[in-house]
Every structure is written in structure tokens, then in C-alpha cells.
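All remarks here apply to the structure that follows.
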Amino acid sequence: SQQGEEDPQALSIQEGENATMNCSYKTSINNLQWYRQNSGRGLVHLILIRSNEREKHSGRLRVTLDTSKKSSSLLITASRAADTASYFCATDAETSGSRLTFGEGTQLTVNP
Amino acid sequence: DARVTQTPRDKVTEMGQEVTMRCQPILGHNTVFWYRQTMMQGLELLAYFRNRAPLDDSGMPKDRFSAEMPDATLATLKIQPSEPRDSAVYFCASGLGHSYEQYFGPGTRLTVT
């Protein structure tokens, strides 16, 4: 089974609204990362949060990490049509070396 | 603007043919990853290298897939013989290793008929 599992699988919102995506994982981690993938393109790194951090911001992105619940959330504020993409969480497990294990992704659609 | 490059971008081949995909990692990155993405399986790690040495290739079908780094500027993924079930998008990514972000290339879309 996937180390990281995103929820929901798909999300459709209107421009200007906030979008929240969640990720759950199973084992202890060094860090958790969020990536975006536009259709037909490679993944783009968005933000990395380390296991000793609880919250991190980058522009309109806010990521939280709760290691006791083994979960993370990605909030995109004031969404734009250009935010339409798939969003993946990826975990760097303590025992995995440099390996990242990706979840199945959340497909976000922002309607203009 | 440093980025990972991959060639070819698209490849259509017949079952049984050899396929070679190439990747140029970002200069200075010491870790290179090969992933495969399909609708059914999502993103799977096939193999990765650090300082050109293979660290883990447990995700690859050993009988038909091979991955190498002839030098620090080139990583290759070879499939011989190819099968229709190998149809997928293959991504290369590079990074600075443990606990750092990965930079993905644009992918090679492989179709085996």
C-alpha cells in the first residue's frame, strides 16, 4: 500500500476559494514534501516540511504536519485557475535513505 | 535556469524492441532517480543512484530493465525486450540526496504496441 495517501482524490472549487488537501502516511519520516504536476508535465517541488516542524508557509501555500497522527495538509489560499493540477505528497521515511514514496495524488480543478 | 533534461520525449515502439531513455541531471546533483508513472500504479520508483553508484533498483523488473550512469552528466534506462505493459511515462529526477527536494525532468512517454 502507498506510504502517502491523499484525500480527497479530486477537488473542484471556484477561483478565489481555498483548497485543502490531506495526506496520511504509515511510518516515521524524516520529512514530507508536496509536489504539483500539471497535465503532461513532470512534477514540481512545492514545499518540504521536516519532522520537527509543525507548519510552513510559502506564498499562498501553507503546510501543516502532525507526526502524532501521521498526517499533513496542504492549503492553497485564494486559488487561481493556474493552480489546476495534481498534487502529491511524498514521504522520506527514516529507514528509506533518499527514497521518496509518493501518494496517488489529489486532482485539483479551479474553475474561473 | 538549471533543469533536468530527458530524451526522447515520446517513443513509440513495437513489442520486443530495445528502448533506451536518457537523462541529464542538474549539474552538481549527486542523486539520480528513475520513476515510472501509470494511471493504474501511480508513480513508482524504479531505481536510484548516488554519486553514480546504484543504491536501489528493487523497483525494476531485473530481467528486462537496466539502469546505468556512465558519467555524472548522463543516466540511462534501458528496456530489452520491451512489452506493452511497459507503456508509461518515465521520469528522471535529480537531487542532493537525503532529505532534499527532487527536481523532475519532463518525462519520456513510452508506448509499446
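The values are calculated or read from the model by the stated rules, or taken from the named source; none is laboratory data. The structure presented is a predicted model; accordingly, all values stated were derived computationally and were not measured. So basically every Cβ, Gly included, is an ideal-geometry build from the backbone, and we count neighbours across all protein chains shown.
Quick look at the values:
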read-out	value
Matching entry among A:P8, A:P112 (being touching an Asp or Glu at 6+ places or on another chain (Cβ under 9 Å), in contact (Cβ under 8 Å) with a residue 60 or more places away in the chain and farther than 25 Å from B:R50 by Cα)	A:P112
Hits in segment A:85-111 - residues which are closer than 14 Å to A:E15 by Cα and within 14 Å of chain B (Cβ to nearest Cβ)	A:A85
Filtered residue count, segment B:70-113, keeping only those that are among the aliphatic types (A, V, I, L, M) and modelled with pLDDT under 95	2
Condition broken by A:A82, with the remaining ones in (1) of a type in the set (A, V, I, L, M); (2) within 14 Å of chain B (Cβ to nearest Cβ); (3) surrounded by fewer than 18 Cβ atoms within 10 Å (Cβ to Cβ) satisfied	(2)
Selection within segment B:4-40 - under 19 Å from A:A90 (Cβ atoms), in contact (Cβ under 8 Å) with a residue 12 or more places away in the chain and exposed (fewer than 14 other Cβ atoms within 10 Å of the Cβ)	B:T38
Unique match (being charged (D, E, K, R) and within 11 Å of the chain's Cα centre (by Cα)) among B:E83, B:E68, B:E14	B:E68
Selected residue (only one of B:Y35, B:Y100 is assigned to a loop (DSSP other than H, G, I, E, B), within 11 Å of another protein chain (Cβ to nearest Cβ) and of a type in the set (S, T, Y))	B:Y100
Test set (1) free of Cβ contacts under 8 Å to residues at least 24 places away in the same chain; (2) in contact with a His (Cβ under 9 Å, 6 or more places away or on another chain) - A:R36 fails condition number	(1)
